[in-house]
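To keep things clear, I will list the structure first and then write my remarks on it.
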Amino acid sequence: MTTLTTLTTTSHRDGIVRGCPSTMGHDYQLNTTTLIRHAARTHPEQEIVARRADGGWDRYTYRDCYQRVCRAANALRGLGIGPGDRVGVLDWNSRRHFELYYAIPGLAAVLLQMNLRLGVEDLGYVVTHSQAALIFVDESLLPVAESIAPHVPGVKGWVVMTDKPLSEIRTSLAPLHHHEDLLAAAEPAIDWPMVDEHAAYSACYTTGTTGRPKGVYYSHRAIYLHSMSVAANMGMTLDDCTMLLTPMFHGQCWGLPQAATMMANKIVLPGCYSVEDMRPLADAIMAEGVTITNGAPAIFQPMLQYIETLPVKPDFRRLRMMSGATEPPLPMMIGFHETTGAEVVHGYGATETTPLVALNRLKPTLKQRLCAEAAWDLKRKQGLPVCGVDILLLGADDQALPHDGQAVGEICLRGPWISTSYHDMPDAADRFFNGYWRSGDVGTIDTDGYVKVTDRLKDVIKSGGEWISSIDMENALLGHPAVRDAAVVGIPHPRWQERPLALVVLKPDRQATLQQLHAHLSKTFAKWQLPDRILFVDAIPKTGVGKLDKKVIRAAHANLYAGESPG
């Protein structure tokens with residue numbers, strides 16, 4: 001036996017132990033083409049519902065969609081697009097965008113996700129850095145494309161996506177092609193290449209507030225495995241209906257398009273929408289029987305407010321709402337549950353993680369152990385790491401910390417869909433540690449396995465040698481009935497190093513004082529942690545992706561405590 005083990009098990013420098021060879025078909029690659037091809041072949045009648053620019057809705061099937069995907073791929077080949085080429089897409093959550101999610105990677109080309117929330121300079125940088133050869137642009141976004149065109153000389157052509165004939169389109173973009181004309185002239189069938197599963201299928205650039213955007217290039221293998229994880233952890237089945245609310249132009253809509261296609265869900269594409277009016281989308285969720293969706297509290301909160309005005313409340317007991325970007329406020333989660341029966345599922349991830357890292361579903365054992373109040377409080381955490389992702393808490397000396405719910409460290413991650421580098425950015429090695437990506441998030445992991453992000457490394461408030469979580473304080477402020485929005489930052493202090501400053505936006509016709517908010521915060525914070533100043537403002541600075549712009553807030557109020565006594 002010893003001799004046999006020696007012959008069949010070898011250890012290599014990469015640290016991987018190789019045992020007896022299997023008999024499986026490892027040459028058959030995991031790629032995105034499989035997902036749409038299977039859906040069209042096995043569930044051709046399943047509906048895809050897409051919102052038009054005029055607010056109406058169109059319906060077609062996986063069969064129809066797949067034929068258009070094939071035509072689009074053939075049209076791309078006709079324009080000279082091949083393996084490794086980057087193709088940008090400037091579009092909302094439309095059916096054309098959904099089709100390009102499969103047509104571009106199906107040729108071993110790379111779909112460049114062009115974040116509409118980036119400024120002209122950064123968007124131009126993304127196109128140039130990625131070496132995009134062709135860009136598809138929705139008619140409504142022609143001004144955006146025209147603004148970056150002078151800065152992207154490497155782009156060889158533009159494809160306008162519209163229902164109008166090309167003769168009615170007025171733009172300075174050249175050479176210009178017409179999407180529907182290209183599809184009409186292309187063959188409706190294609191012999192797909194077997195794409196290497198390690199090749200990039202898509203690229204997305206981070207939207208950090210410091211430095212240039214960083215390119216994350218996702219492999220076919222990564223998104224295929226990620227799709228399986230999303231489907232499993234959200235409990236997706238064949239009778240689910242998925243609405244893609246999160247933008248498809250960033251973080252591949254959290255991988256929900258691919259997961260929904262893998263499970264042959266009915267898919268609802270909301271097109272372009274405004275958070276100022278969530279009525280059309282809430283109405284569509286009710287009309288189409290949506291059971292899975294994704295978004296941020298900035299989307300879900302106004303949706304709840306609209307639903308609360310309805311004389312008859314919808315039955316959303318099957319609806320699971322993946323909520324990310326920021327911690328979902330407890331009143332919002334409770335409000336959805338009590339008003340409609342919907343479950344808000346707090347999720348955690350980043351551009352570098354494809355993005356699913358953790359989802360907050362309550363363990364059956366905890367349902368028996370926790371009271372209702374404690375269970376709701378637990379729902380505020382980022383959740384349980386999904387299978388396939390390794391998580392590490394690193395202390396200040398880069399030593400692993402225990403998962404005891406007390407030790408606070410930087411959250412580091414590795415796995416088959418976690419980035420191990422940035423594209424063409426050799427000076428970013430400090431963002432990685434022994435195969436782990438350093439998230440920059442500070443947090444804890446409790447003995448039940450739940451991850452809790454307490455702050456960003458750059459945002460944590462260090463006062464008198466102790467840490468104060470700005471995120472926890474913001475969410476506590478949002479729990480006050482008079483508060484509509486809040487931000488908390490650390491401001492330099494001559495004695496305490498930093499002290500918290502809170503910016504608060506009050507709800508219309510509501511009032512609150514510093515003393516009242518202090519009393520509210522005292523339920524969860526010690527007296528020394530309370531902000532010395534609370535500024536009541538009309539609006540709080542936000543980044544292009546809707547996050548609190550703490551860099552701007554800190555700069556604007558950097559001298560607020562300068563006159564305080566150091567003694």
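Quick notes
- Helices (runs of 4 or more DSSP H) within region 465-567 that include 1 or more residues hydroxyl-bearing (Ser, Thr, Tyr) and closer than 21 Å to ALA325 by Cα: 470-478
Every residue, every condition in (1) touching a His at 6+ places or on another chain (Cβ under 6 Å); (2) among the acidic types (Asp, Glu); (3) closer than 30 Å to LEU457 by Cα, yes or no:
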position	(1), (2), (3)
GLY211	no, no, yes
VAL230	no, no, yes
ASP239	no, yes, no
LEU244	no, no, no
GLY255	yes, no, yes
THR261	no, no, no
GLY271	no, no, no
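- Criterion (small (Gly, Ala, Ser), crowded, with 21+ Cβ neighbours inside 10 Å and either in a helix (DSSP H, G or I) or in the same structural domain as SER202 (by TED's automatic domain parsing) (or both)) met by exactly one of GLY88, GLY124: GLY88
- Checked against the criterion of being more than 30 Å from LEU356 (Cβ to Cβ), within 27 Å of the chain's Cα centre (by Cα) and touching a residue at least 24 places away in the same chain (Cβ under 8 Å), the candidates VAL451, VAL483 yield just one match: VAL483.
- Residue count for region 436-460, restricted to those that are at pLDDT 85 or above and surrounded by 14 or more Cβ atoms within 10 Å (Cβ to Cβ): 17
- The number of residues in region 140-185 being in contact (Cβ under 8 Å) with a residue 12 or more places away in the chain and of a type in the set (Lys, Arg) comes to 2.
- Flag for GLY383 being touching a Leu at 6+ places or on another chain (Cβ under 9 Å), under 30 Å from HIS480 (Cβ atoms) and assigned by TED's automatic domain parsing to the domain that holds MET303: no
- Test: residue in region 195-211 that is in a loop (DSSP other than H, G, I, E, B), at pLDDT 95 or above, out of contact with any Gly (no Cβ under 9 Å at 6 or more places or on another chain) and crowded, with 21+ Cβ neighbours inside 10 Å: no
- Taking the criterion of being among the hydrophobic types (A, V, I, L, M, F, W, C) and part of a loop (DSSP other than H, G, I, E, B), the residues of region 141-175 that qualify are VAL152, VAL155, ILE169, LEU173, ALA174.
- Of the residues in region 393-405, at least one is in a strand (DSSP E or B) and in contact with a Ser or Thr (Cβ under 9 Å, 6 or more places away or on another chain).
- Residue check for ALA298: without any contact (Cβ under 8 Å) to a residue 12 or more places away in the chain, surrounded by fewer than 22 Cβ atoms within 10 Å (Cβ to Cβ) and in a helix (DSSP H, G or I): no
- Scanning region 21-51 for residues that are surrounded by 13 or more Cβ atoms within 10 Å (Cβ to Cβ) and assigned to a loop (DSSP other than H, G, I, E, B) returns GLN29, LEU30, ASN31, HIS43, PRO44, GLN46.
One line per residue, one yes/no per condition, for (1) among the aromatic types (Phe, Trp, Tyr); (2) in contact (Cβ under 8 Å) with a residue 12 or more places away in the chain:
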{"position": "GLN406", "(1), (2)": "no, yes"}
{"position": "CYS412", "(1), (2)": "no, yes"}
{"position": "SER419", "(1), (2)": "no, yes"}
{"position": "HIS423", "(1), (2)": "no, yes"}
{"position": "ASP427", "(1), (2)": "no, no"}
{"position": "TRP437", "(1), (2)": "yes, yes"}
{"position": "GLY440", "(1), (2)": "no, yes"}
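Residue-by-condition table, conditions (1) farther than 30 Å from HIS43 by Cα; (2) basic (Lys, Arg); (3) part of a helix (DSSP H, G or I):
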{"position": "ALA231", "(1), (2), (3)": "no, no, yes"}
{"position": "TRP254", "(1), (2), (3)": "no, no, yes"}
{"position": "ALA259", "(1), (2), (3)": "no, no, yes"}
{"position": "ALA264", "(1), (2), (3)": "no, no, no"}
{"position": "ILE267", "(1), (2), (3)": "no, no, no"}
{"position": "GLU276", "(1), (2), (3)": "yes, no, no"}
{"position": "ALA284", "(1), (2), (3)": "no, no, yes"}
{"position": "ASN294", "(1), (2), (3)": "no, no, no"}
{"position": "THR309", "(1), (2), (3)": "yes, no, no"}
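- The test for being under 30 Å from TYR422 (Cβ atoms) and part of a loop (DSSP other than H, G, I, E, B) holds for LEU118.
- Cβ-Cβ under 7 Å pairs, at least 6 apart or on other chains, region 19-31 side assigned by TED's automatic domain parsing to the domain that holds SER219, far side of a type in the set (Gly, Ala, Ser): none
The values are calculated or read from the model by the stated rules, or taken from the named source; none is laboratory data. Just so it is clear, the structure is predicted and the values come from calculations on it, not from any experiment. Backbone-built Cβ (ideal geometry, glycine too); neighbour counts: all protein chains shown.
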